[in-house]
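Below: one structure, written as structure tokens.
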Amino acid sequence: MKFFIDTANLEQIKEAHELGILDGVTTNPSLMAKEGIKGKDAVYKHYKTICEIVKDGDISAEVISTTFNEIIEEGKSLAAIHPNIIVKVPMIKDGVKAIKWFTDNGIPTNCTLVFSAGQAILAAKAGAKYVSPFIGRIDDSNWDGVELIAQIAQIYSLQGFHTEILAASIRSSLHIVKCAEAGADVVTSPLEPILGLLKHPLTDLGLAKFLEDAKKFA
Ligand code: E4P
């Protein structure tokens, strides 16, 4: 399973990259706005910087257009920033048409804002490289996000779809583990749940004891 970090914060991206386990980055307009980046030039420059930090990982850059022609033009500009850019397109009618166009023209896409198996089937049919079910937001509305990952994984496997399931809207370390179990190909998570995977009280206790005992023969 690949690990992406879900942020536009450069320090956090560097920290995850230095850990040696980072395969890519997802961003969205809200995450870019959170970093205070303003204007198209600044946004594009930020994407380029992210690509340069991660070096050989996929970096999702989201379109903010909603009509077919505009999505195509914007997607082409985003893809031109760096060879590692993945054009992130929302699951809307013109978005699906655009994903098919990008697929036919060799531009990889991430279909975002996916909340059902039906949407995931459409994204795969259109040839998206990644499909992003938002599992935390599904949980927030009293449905089971991890169950959706398992359902999509089963459908893709039965039907032979090659689209990678990118579990998004991760809220906890447990979400990451459950998504791995359910068959996600990628998890995109904020830094905290990724670092949370490191933690276990018995590790800390065990290490303290080993270090204490090591003093006996130092
Ligand atoms: C996915 O690519 C999105 O950026 C993200 O995971 C959304 O997560 P949120 O529900 O925490 O905003």
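Checked against the criterion of being under 22 Å from E164 (Cα atoms) and surrounded by fewer than 15 Cβ atoms within 10 Å (Cβ to Cβ), the candidates I21, I85, I59 yield just one match: I21.
Output yes when any residue across segment 176-189 is under 23 Å from P108 (Cα atoms), within 13 Å of the ligand (Cβ to nearest atom) and part of a loop (DSSP other than H, G, I, E, B), and no when none is. Looking for residues that are under 23 Å from P108 (Cα atoms), within 13 Å of the ligand (Cβ to nearest atom) and part of a loop (DSSP other than H, G, I, E, B), one finds at least one in segment 176-189, hence yes. Filter segment 62-81 for residues that are in a loop (DSSP other than H, G, I, E, B) and open to solvent by 40 Å² or more (accessible area, probe 1.4 Å); which is farthest from S189 (Cα to Cα)? Checked segment 62-81; the qualifying residue farthest from S189 (Cα to Cα) is T67. Within segment 1-16, the set of residues being of a type outside the set (S, T, Y), assigned to a loop (DSSP other than H, G, I, E, B) and crowded, with 16+ Cβ neighbours inside 10 Å comprises A8, N9. Of everything listed in (1) in contact with a Pro (Cβ under 8 Å, 6 or more places away or on another chain); (2) away from the ligand (no atom under 13 Å from the Cβ), the single unmet condition for D58 is (2). The C-beta contact set for segment 64-80 (first residue within 15 Å of N105 (Cα to Cα), second residue assigned to a helix (DSSP H, G or I) and among the acidic types (D, E), distance under 7 angstrom, 6+ apart or interchain) comprises F68/D94; I71/D94. Listed by first and then second residue, the pairs linking a residue in segment 180-199 that is under 16 Å from S169 (Cα atoms) to a residue that is away from the ligand (no atom under 16 Å from the Cβ) and among the acidic types (D, E), with Cβ atoms under 8 Å apart and 6 or more places separating them unless they lie on different chains, are A182/E147; L191/E15.
For segment 82-115, the tally of residues that are charged (D, E, K, R) and either within 16 Å of the ligand (Cβ to nearest atom) or assigned to a loop (DSSP other than H, G, I, E, B) (or both) stands at 1.
Could you list all residues from segment 183-195 that are open to solvent by less than 20 Å² (accessible area, probe 1.4 Å), more than 12 Å from L22 (Cβ to Cβ) and of a type outside the set (A, V, I, L, M)?
The first filter runs over segment 183-195 and keeps only residues open to solvent by less than 20 Å² (accessible area, probe 1.4 Å), leaving 184, 186-189, 191, 193-194.
Within this subset, residues satisfying the condition of being more than 12 Å from L22 (Cβ to Cβ) are 184, 193.
Answer for segment 183-195, where residues must be open to solvent by less than 20 Å² (accessible area, probe 1.4 Å), more than 12 Å from L22 (Cβ to Cβ) and of a type outside the set (A, V, I, L, M): just P193.
Can you name every residue in segment 17-48 that is touching a Phe, Trp or Tyr at 6+ places or on another chain (Cβ under 8 Å) and either over 18 Å from S132 (Cα atoms) or outside any strand (DSSP E or B) (or both)? Quick ask: steps written out before the conclusion?
Restricting attention to segment 17-48, the residues satisfying the condition of being touching a Phe, Trp or Tyr at 6+ places or on another chain (Cβ under 8 Å) are 21-27.
Result: I21, L22, D23, T27.
Any chance you could count how many residues in segment 143-169 are within 15 Å of the ligand (Cβ to nearest atom), over 23 Å from P108 (Cα atoms) and either among the β-branched types (V, I, T) or part of a loop (DSSP other than H, G, I, E, B) (or both)? Adding up the residues that qualify gives 2.
Within segment 116-142, restricting attention to residues that are open to solvent by less than 40 Å² (accessible area, probe 1.4 Å) and touching a His at 6+ places or on another chain (Cβ under 9 Å), which residue is farthest from the ligand (Cβ to nearest atom)? Can you show your working first?
Let us first name the residues in segment 116-142 that are open to solvent by less than 40 Å² (accessible area, probe 1.4 Å), namely 117, 120, 123-124, 126-128, 130-136, 138.
Then keep just the ones that are touching a His at 6+ places or on another chain (Cβ under 9 Å); that gives 124, 127, 135-136.
Details: A124: 17, G127: 19, I135: 9, G136: 5 Å.
Among those that are open to solvent by less than 40 Å² (accessible area, probe 1.4 Å) and touching a His at 6+ places or on another chain (Cβ under 9 Å), it is G127.
The values are calculated or read from the model by the stated rules, or taken from the named source; none is laboratory data. Model, not experiment: these values are computed from the prediction. Note that each Cβ is placed from the backbone with ideal geometry, even for glycine, and that neighbours are counted across all protein chains shown. With ligands, DNA and RNA removed, areas are computed over all heavy atoms of the protein, side chains included. Shrake-Rupley method; radii C 1.70, N 1.55, O 1.52, S 1.80 Å.
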